[in-house]
Amino acid sequence: MDSEIKEEVPVHEEFILCCGVETQVLKCGPWTNLFNEPRANKPKLLIFIITGNPGFSAFYVPFAKALYSSINGRFPVWVISHAGHAFVPKGKKILTTSDDSKAQKINDIYGLQGQVEHKLAFLRTHVPKETKLVVIGHSIGCHINLEILKLAPELPIIRSFLLFPTIERMSESPNGRIATPLLCWLRYALYAFAYLLLKPWPEKIKSFMIRIGLRMMNLQNEFSVLNVLEPFCLANAAYLGGQEMMQVVKRDNETIRTYLPKLTFYYGTIDAWCPTAYYEDIKKEFPEGDIRLCEKKIPHAFILRFPQEMADMVADWLKDDLSKI
């Protein structure tokens, strides 16, 4: 019965210009433009998902749909791609708004701080000021989540979830020790390899290879994921990853302390990006915080295998907040 319900969840795909950069937004629910909704139908809250890196929002659709179903479709659930991680398929229209044309140009928009500003610009131009927000960050999306809280205290964020949070010592983590030399010192070799190998491939070949890959992983996707094999997107993901290794070093205790009542952290027990030692350290620093350790051996990339389990947990944690709206 659950699978039948999820199949019925409406998901609307948009490609927009946000700060002049093509961006994919996937919207669960019947609401596609919160400004144009009649007052009686306008949702009072938006659940906003910020992806990890790569910021391929299509992979988060099963999680978004499961979460939307778990909250009984009361509020929209939106997923945004990172700047430079979205590939617009041929024939797809790119939507523009007058507000975006006025948006301040972001320096280094494909970098870590640029991605923060990109999400802030979207929230300010596409979400009414009175709409309450629940922000869900995954992996580096958790760092962006905290930065949004720090830089935009005026946003009506009632709750922030940090799932498998890469918010400190990334280069020192088991995966970081492997990724740092690749992303920081050998990045240009990766660029050259991606462009030389993938650029000549026709779109049909890329689609075929992706279908095979998804089938081998027993995954389904209803939206195009061509960006997985698009050199421009992969280069931007590698560039962002290099900045993560260099810049995500010290945990932002000041911001965490300021917004602790709104925060829920969820750490994995088999996560080589943020090992359990990081959980133990933050738990000691903030013993009163809502800081949880996974009991189900869910991996860092939960979106591939465990979207339903994570959605059910997040919906359960949200019950009290949503009951007041």
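The values are calculated or read from the model by the stated rules, or taken from the named source; none is laboratory data. Source: prediction; values computed, not measured. Because the Cβ atoms are built from the backbone with ideal geometry, glycine has one as well, and the counts that use them run over all protein chains shown. Accessible surface areas use protein heavy atoms only, side chains included; no ligands, DNA or RNA. Shrake-Rupley method; radii C 1.70, N 1.55, O 1.52, S 1.80 Å.
The table that follows gives values for the structure above.
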quantity	calculated
Residues that are open to solvent by 10 Å² or more (accessible area, probe 1.4 Å) and not aliphatic (A, V, I, L, M), drawn from the stretch 148-165	Lys150, Pro153, Glu154, Pro156, Arg159
Filter result for Ile256 (at negative phi and either hydroxyl-bearing (Ser, Thr, Tyr) or open to solvent by less than 40 Å² (accessible area, probe 1.4 Å) (or both))	yes
In the stretch 259-278, the residues that are assigned to a helix (DSSP H, G or I), open to solvent by 20 Å² or more (accessible area, probe 1.4 Å) and either more than 18 Å from Val135 (Cβ to Cβ) or among the hydroxyl-bearing types (Ser, Thr, Tyr) (or both)	Tyr259, Thr276, Ala277
Residue within the stretch 3-14 that is free of Cβ contacts under 8 Å to residues at least 40 places away in the same chain, of a type in the set (Ser, Thr, Tyr) and more than 25 Å from Leu155 (Cα to Cα) present	yes
Tally of residues being crowded, with 18+ Cβ neighbours inside 10 Å and either without any contact (Cβ under 8 Å) to a residue 40 or more places away in the chain or over 11 Å from the mean Cα position of the chain (by Cα) (or both) across the stretch 76-89	7
Flag if Val11 is touching a Cys at 6+ places or on another chain (Cβ under 8 Å) and β-branched (Val, Ile, Thr)	yes
Residue count, the stretch 56-75 (criterion: touching a Gly at 6+ places or on another chain (Cβ under 8 Å) and surrounded by 22 or more Cβ atoms within 10 Å (Cβ to Cβ))	2
Condition check for Glu295: touching a Lys or Arg at 6+ places or on another chain (Cβ under 9 Å), open to solvent by 10 Å² or more (accessible area, probe 1.4 Å) and without any contact (Cβ under 8 Å) to a residue 40 or more places away in the chain	no
Every residue from the stretch 298-322 that is in contact with an Asp or Glu (Cβ under 8 Å, 6 or more places away or on another chain) and either acidic (Asp, Glu) or without any contact (Cβ under 8 Å) to a residue 40 or more places away in the chain (or both)	Ile298, Pro299
Tally, over the stretch 106-147, of residues that are touching a strand residue (DSSP E or B) at 6+ places or on another chain (Cβ under 7 Å) and open to solvent by 30 Å² or more (accessible area, probe 1.4 Å)	1
Among (1) of a type in the set (Gly, Ala, Ser); (2) modelled with pLDDT under 95; (3) part of a helix (DSSP H, G or I) - the single one Ser171 does not satisfy	(2)
Per-region count, the stretch 111-135, residues under 23 Å from Ile303 (Cα atoms) and touching a helix residue (DSSP H, G or I) at 6+ places or on another chain (Cβ under 7 Å)	6
Considering residues of the stretch 30-55 that are open to solvent by 10 Å² or more (accessible area, probe 1.4 Å) and touching a strand residue (DSSP E or B) at 6+ places or on another chain (Cβ under 8 Å) only, the residue farthest from Leu234 (Cα to Cα)	Lys44
Matching option when the condition is under 23 Å from Gln115 (Cβ atoms), in contact with a helix residue (DSSP H, G or I) (Cβ under 6 Å, 6 or more places away or on another chain) and among the aliphatic types (A, V, I, L, M), among Ile94, Ile71, Ile50	Ile50
Pair list, Cβ under 6 Å, 6 or more apart: the stretch 100-114 residue farther than 17 Å from Glu22 by Cβ, other residue surrounded by fewer than 16 Cβ atoms within 10 Å (Cβ to Cβ) and at pLDDT 65 or above	Leu112/Gln247
Close pairs from the stretch 166-181: first crowded, with 20+ Cβ neighbours inside 10 Å, partner part of a loop (DSSP other than H, G, I, E, B), Cβ under 6 Å, at least 6 apart	Thr166/Ser139; Thr166/Trp273; Thr166/Cys274; Ile167/Arg251; Met170/Val248; Ser173/Trp273
